[in-house]
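Written out below as structure tokens is the structure these notes cover.
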Amino acid sequence: MPKSYADLLREARSQIREVSPQEVDALPPGAATIVDVREASEWDQGHIPGAHHVSKSYIEQQIEAIAPDRDAEVILYCAGGVRSLFAAQTMAGMGYTNVASMSQGFQGWKGAGLPFDIPVVLTGDQKQRYSRHLLIPEVGSEGQAKLLASKALLIGAGGLGSPAALYLAAAGVGTIGLVDFDVVDLSNLQRQIVHTTARVGERKVESARIAINALNPDVTVIEHEEMLVAANVERIIAGYDVILDGTDTFETRYILNDAAVAAGIPVVHASVFRFEGQLTTFVPFEGPCYRCLYPTPPPPELAPGCSVAGVLGVVPGILGMLQTNEALKVLLGIGTTLAGRLLLFDALETEFTELRLRRDPACPVCSDEAVEARAAGRPLATTSVGADAPFLLTTTGLAGTVSPEART
Amino acid sequence: MSVVFIPSVLRANVGGAKSLEIDGASIRGVVDALVTQHPALKGQLLSEDGDLNRFVNVYVNGQDVRYLAGLDTPVAAGDEVRLLPAMAGG
């Protein structure tokens with residue numbers, strides 16, 4: 001016997017539990033998986049915060065990826081509460097035991113004055129440019145929108161900063177800040193691929209900006225053409241979501257570490273020497289900071305920079321790209337960062353080694369005691385790199401990269 | 001015998017070796033044997049009062065000895081000991 005729409009609706013209502021928008025709103029976060037089954041164009045106009053999107057026509061194909069547990073609570077909604085009933089029936093047929101439909105749908109949700117998110121809508125060009133990101137479930141248009149709204153700061157537009165600047169730009173990180181006061185030198189071009197032969201003698205921040213915008217005009221570049229010193233670090237790093245440390249002096253690394261911990265900004269750290277590199281991600285208070293790892297800087301003979309010791313050009317390239325990978329994960333909130341792990345790379349052996357790092361309970365910067373002391377306006381004393389390490393100014397051949405101001 | 005990995009910045013002090021097999025039941029024993037064989041390393045690994053310098057981290061099988069028993073951390077045959085000074089290059 002043929003069934004009418006009214007028959008089907010009645011049948012679905014008798015089989016599927018319905019919940020009101022208020023009941024959904026009152027659920028503790030994460031208690032149920034909320035799925036919007038409307039079309040993409042409707043989702044783009046606004047949706048319930050934290051909801052997933054699977055159009056009703058893709059329920060059978062895609063729901064298992066979002067709700068792998070057949071017995072966990074899943075709540076579906078559409079615009080008015082009908083499509084979600086039928087979609088819930090489909091899921092019940094797939095063996096989902098705890099699937100409900102939100103009555104009155106998104107209209108009812110908005111009518112009740114409940115909060116909703118309006119996703120950033122990518123332009124046609126952006127959908128094409130970032131299509132390989134949009135295809136990855138962990139990124140998708142939401143992740144891409146996050147990247148476009150993100151701000152990453154590169155300390156140094158050199159060997160590590162070059163690949164980082166290019167890949168962050170290609171990935172569509174909306175704002176890239178560059179801290180560098182140097183000019184492009186011919187000897188930089190063996191590894192600093194963001195610059196070009198034609199731009200030798202130009203300011204590095206400007207040269208890098210040209211390359212970034214040639215690759216992706218979506219990106220806003222902020223040029224900080226100054227030395228990172230204790231007096232300006234707080235101002236420079238303010239507002240950035242992640243920092244990539246690619247400097248070549250210990251002094252800058254400690255100054256940056258202390259300020260980033262205080263500001264709560266993750267720092268992706270890399271350093272290179274000849275055929276070797278070290279990489280980790282310092283996530284304030286989740287893992288150790290730079291001072292936990294190296295409480296004091298080494299003496300000059302143990303720590304020559306690239307300008308004295310040399311470096312195989314590809315080593316900062318590889319490390320800079322690994323830094324970018326870490327930064328993208330931090331910005332997207334996906335995966336596992338290197339927080340608490342130090343990755344060593346040996347280019348001669350093509351060998352990666354991982355070491356376990358721990359927070360120093362007595363760290364003068366990131367320990368509980370240090371946080372309290374800072375809050376009380378009397379920060380704990382730290383080893384002053386400048387005073388202890390005058391070699392930074394001479395032996396490493398980096399004269400001019402450290403200001404007198406930074407040495408105090 | 002433990003295997004001690006020498007970072008490239010220190011290799012000139014040990015005749016260019018990338019790793020050395022060293023006897024010693026503890027990190028102290030290994031470091032002592034190492035600086036006896038290669039006296040040039042002494043000032044780089046140990047402070048004047050005989051402690052490990054704070055700018056050189058020492059790991060046994062991937063774990064920082066500062067969070068184990070420091071110089072008294074036991075070392076077994078076949079353990080991997082890694083000396084790791086800070087690097088600044090960028």
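The values are calculated or read from the model by the stated rules, or taken from the named source; none is laboratory data. Everything numeric in this text was worked out from a predicted model, so none of it was measured. Note that each Cβ is placed from the backbone with ideal geometry, even for glycine, and that neighbours are counted across all protein chains shown.
Here is a check on your reading of the model: is A:TYR240 under 27 Å from B:ASN53 (Cβ atoms) and either facing another protein chain (nearest Cβ under 8 Å) or out of contact with any His (no Cβ under 6 Å at 6 or more places or on another chain) (or both)?
In short, no.
Could you count how many residues in region A:205-219 are touching a strand residue (DSSP E or B) at 6+ places or on another chain (Cβ under 8 Å) and part of a helix (DSSP H, G or I)?
Residues meeting the conditions: 6.
Tell me which helices (runs of 4 or more DSSP H) are completely within region A:284-363 and hold 1 or more residues being within 26 Å of the chain's Cα centre (by Cα), or say none if there are none.
Because the criterion is at least 1 residues that are within 26 Å of the chain's Cα centre (by Cα), the helices (runs of 4 or more DSSP H) in region A:284-363 that meet it are A:290-293, A:314-332.
Take the residues in region A:256-315 that are more than 8 Å from every other protein chain (Cβ to nearest Cβ) and acidic (Asp, Glu); name whichever of them is surrounded by the most Cβ atoms within 10 Å (Cβ to Cβ).
A:ASP258
Only one of these is more than 10 Å from chain B (Cβ to nearest Cβ), surrounded by fewer than 15 Cβ atoms within 10 Å (Cβ to Cβ) and at pLDDT below 95: A:ARG374, A:ARG378, A:ARG356. Name it.
A:ARG378
Please work out if A:VAL268 is over 21 Å from A:ALA171 (Cβ atoms), modelled with pLDDT of 95 or more and of a type in the set (A, V, I, L, M, F, W, C).
So A:VAL268 fails the test.
Among the residues of region A:332-353, how many are at positive phi and more than 12 Å from chain B (Cβ to nearest Cβ)?
The total comes to 3.
Report whether or not A:ILE236 is more than 28 Å from B:GLY43 (Cβ to Cβ), surrounded by 20 or more Cβ atoms within 10 Å (Cβ to Cβ), hydrophobic (A, V, I, L, M, F, W, C) and touching a residue at least 40 places away in the same chain (Cβ under 8 Å).
Yes: the conditions hold for A:ILE236.
Condition first: free of Cβ contacts under 8 Å to residues at least 40 places away in the same chain, closer than 11 Å to A:PRO119 by Cβ and assigned to a helix (DSSP H, G or I). Now tell me which residues in region A:27-65 satisfy that.
A:ALA40
Name the pairs: first residue in region A:205-217 and farther than 12 Å from A:LEU166 by Cβ, second residue assigned to a helix (DSSP H, G or I), Cβ to Cβ under 6 Å, at least 6 apart or on different chains?
Note: pairs meeting the criteria are A:SER207/A:ARG199.
Any idea how many residues of region A:327-353 are more than 24 Å from B:ASN61 (Cα to Cα), in contact (Cβ under 8 Å) with a residue 60 or more places away in the chain and either crowded, with 18+ Cβ neighbours inside 10 Å or in contact with a strand residue (DSSP E or B) (Cβ under 7 Å, 6 or more places away or on another chain) (or both)?
Result for region A:327-353: 5.
Need the failing condition index for A:VAL37 against (1) in contact with a Ser or Thr (Cβ under 6 Å, 6 or more places away or on another chain); (2) among the β-branched types (Val, Ile, Thr); (3) surrounded by fewer than 18 Cβ atoms within 10 Å (Cβ to Cβ), just the number.
Against the list (1) in contact with a Ser or Thr (Cβ under 6 Å, 6 or more places away or on another chain); (2) among the β-branched types (Val, Ile, Thr); (3) surrounded by fewer than 18 Cβ atoms within 10 Å (Cβ to Cβ), A:VAL37 comes up short only on (3).
Given the criterion in contact (Cβ under 8 Å) with a residue 24 or more places away in the chain and out of contact with any Pro (no Cβ under 7 Å at 6 or more places or on another chain), identify the matching residue among B:LEU46, B:LEU41.
Unique residue meeting the criteria: B:LEU41.
So how many residues does region A:134-144 have that are surrounded by fewer than 19 Cβ atoms within 10 Å (Cβ to Cβ) and either in contact with a His (Cβ under 7 Å, 6 or more places away or on another chain) or outside any loop (DSSP other than H, G, I, E, B) (or both)?
Residues in region A:134-144 being surrounded by fewer than 19 Cβ atoms within 10 Å (Cβ to Cβ) and either in contact with a His (Cβ under 7 Å, 6 or more places away or on another chain) or outside any loop (DSSP other than H, G, I, E, B) (or both): 3 in total.
Would you pick out the residues in region A:359-369 that are more than 10 Å from chain B (Cβ to nearest Cβ), farther than 30 Å from A:LYS146 by Cβ and touching a residue at least 24 places away in the same chain (Cβ under 8 Å)?
A:CYS363, A:PRO364, listed by residue number.
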